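The values are calculated or read from the model by the stated rules, or taken from the named source; none is laboratory data. Computed from a predicted model, the values in this text were never measured in an experiment. Here the Cβ positions follow ideal geometry from the backbone for every residue, glycine too, while neighbour counts run over all protein chains shown. For the accessible areas, the whole protein counts, side chains as well, though only heavy atoms, and no ligand, DNA or RNA atoms are used. Shrake-Rupley method; radii C 1.70, N 1.55, O 1.52, S 1.80 Å.
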Amino acid sequence: MPGALQRPAVVSRVSDLIGYTPLLELAATETGSRLLLKLEMFNPTGTAKIRMARQMITDAEERGELRPGGRIIESTSGNTGLGLAVVAAERGYTFTAVVDHHASADKLRAMKAMGTELVYVDDGGSDELATAAREELAEEMARGHDNTIFTEQHNNPSNGVGYFPVAHELHEALDGRLDVLVGAVGTGGGLCGTARELRTLIPDFTTIGVEPKGSIAFGGPAHDYYQSGTGTPEGAEIGALVDFGLIDEGVKVGDVEAFATCRAVARTGLLIGGSAGGVVHEALTRLAALPPGTTMVALVNDGGEKYLDTVFNDDWMHARELLAPATEREIDELLTKLRRNR
């Protein structure tokens, strides 16, 4: 990529490795449209969310809310917690992650390995998402304690600011040519933060937000879903960072389609996470209908290595009635057709 941003050859902290993630052309059409994946799994911890984790802590320090020896508390399904664990370890803070058993076991084990205290809101009898209960407990644990912050990712403006560099990386790598941006909508920070800054650089592009079926940001009906780290489940408030004015179209992708896409993409040699599967599914199904020469970028917020026991495990998928060989074959065929044009 001409003029692509580069990180220094040698760095002194793990967090210095954040950013400058690559773009991969996954598919293209005969008319010259192409789908590029922004591979955020090349960040430390294999996720985009370390970008905003660092920003939330840095801004809290600058406001004087967090001082040496302080404590960070956050409600997390895993990826934000991994980012906070890295930055807390580097800067000498105690980090407490309020979690549920919906989170990937590998994410929880990794946080614990980095010194994180895990506090569960349930007894392990269920793998349902418990966002509202986690938020309530995290806020309660931080209340009234000196040098202790609840980073509150869903409503923390620093979350969105943390993704501003993604916009600059895309602008420079693509020489200002981007027509469609597709991304998952959970807290809203990743997609809306990127889109907000990108509009100062590239004024004319379309933003498509993707959430799981069952999530409520783009309307109901509400029901349980297994895509982790994205969406707004029933009982949780839509995050303050979800800016509908920045999202031109909001769509829903079901677990079956999202996970089938993950498994089909894996057969190209790339492992992507569950919510990224929903984003890529939406992008792939739109690609052929786009005007000739369109450049579409899908934000792939984490890799699939954390989901080997779930999305890529036939037994786990079958037990939840998510295994769909016919859907996988359809996506395989679409991918094969579109990849011939690269």
Name the residues whose placed amide hydrogens come within less than 5 Å of the amide hydrogen of PHE95, ignoring near sequence neighbours (fewer than 5 apart) on the same chain.
-> ILE72, GLU117
Counting only residues 5 or more places away or on other chains, whose amide H sits under 5 Å from the amide H of SER75 once H atoms are built in the peptide plane?
-> VAL98, GLU152, GLN153
Along each of its three principal axes, how wide is the spread of alpha-carbon positions in the range 200-246, in whole angstrom units, largest first?
-> 38, 18, 18
With θ set to phi - 60° and the Karplus curve 6.51 cos²θ - 1.76 cosθ + 1.60, what are the ³J(HN,Hα) couplings of the range 14-22 in order, to the nearest whole Hz, using x for Gly and Pro?
-> 4, 5, 5, 8, 5, x, 6, 6, x
Hey, can you rank 25-38, 274-287, 308-321 by average C-beta count inside 10 Å, highest first?
-> 274-287, 25-38, 308-321
ILE202 paired with VAL10, simple spin-label distance in nm, labels 7 Å along Cα-to-beta-carbon | 3.6
Row for the range 228-337, column shape: gyration tensor on C-alpha, a ≥ b ≥ c, rounded if a/c < 1.5 i.e. under 1.5, prolate if a/b over b/c, else oblate; value oblate
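For the range 206-268, what does the accessible surface come to per residue with a 1.4 Å probe? Please give it in Å². Please report the intermediate quantities before stating the final value.
Details: 2370 Å² over 63 residues.
Spelled out: the 1.4 Å probe surface of the range 206-268, per residue, equals 38 Å².
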Per the rule of 0.36 nm per residue minus the C-alpha distance, extending ALA288 to GLU65 adds in nm 75.3 nm
Computed over the Cα atoms of the chain, the Rg and Dmax in Å are 19.2, 61
Length-normalised contact order of the range 31-189, Cα under 8 Å, at least 6 apart, in percent, tallies to 25
Length-normalised contact order for the chain - Cα pairs under 8 Å, 6+ apart - percent = 21
Take the alpha-carbon centre of the range 176-222, take the same for the range 279-342, and report the distance between them in whole Å.
-> 18
Å³ per residue enclosed by the Cα convex hull of the range 15-125 | 127
So, in nm, how far is label TYR120 from label GLU249 when the simple model puts each one 7 Å beyond its Cα toward the Cβ?
-> 4.2
Would you mind checking which residues have amide H under 5 Å from ALA27's amide H? H placed 1.01 Å from N; only 5 or more apart, or other chain.
-> LEU35
Karplus-derived 3J(HN,Hα) from phi for the range 145-161 (6.51 cos²θ - 1.76 cosθ + 1.60, θ = phi - 60°), whole Hz, x at Gly and Pro, runs 9, 5, 6, 10, 10, 9, 5, 6, 4, 5, 10, 9, x, 4, 4, x, 4
Carbon and sulfur atoms: what percent of the 1.4 Å accessible area of the range 144-286 do they account for?
-> 48
Karplus (6.51, -1.76, 1.60) ³J(HN,Hα), θ = phi - 60°, over the range 45-54, in Hz, Gly and Pro reported as x = 6, x, 8, 5, 5, 5, 4, 7, 4, 4
Å² per residue, accessible surface of the range 76-117 at 1.4 Å | 30
Relative to a virtual label point 7 Å from the Cα of ALA240 in the Cα→beta-carbon direction, which members of the range 38-67 show backbone nitrogen distances below 19 Å?
-> 52-66
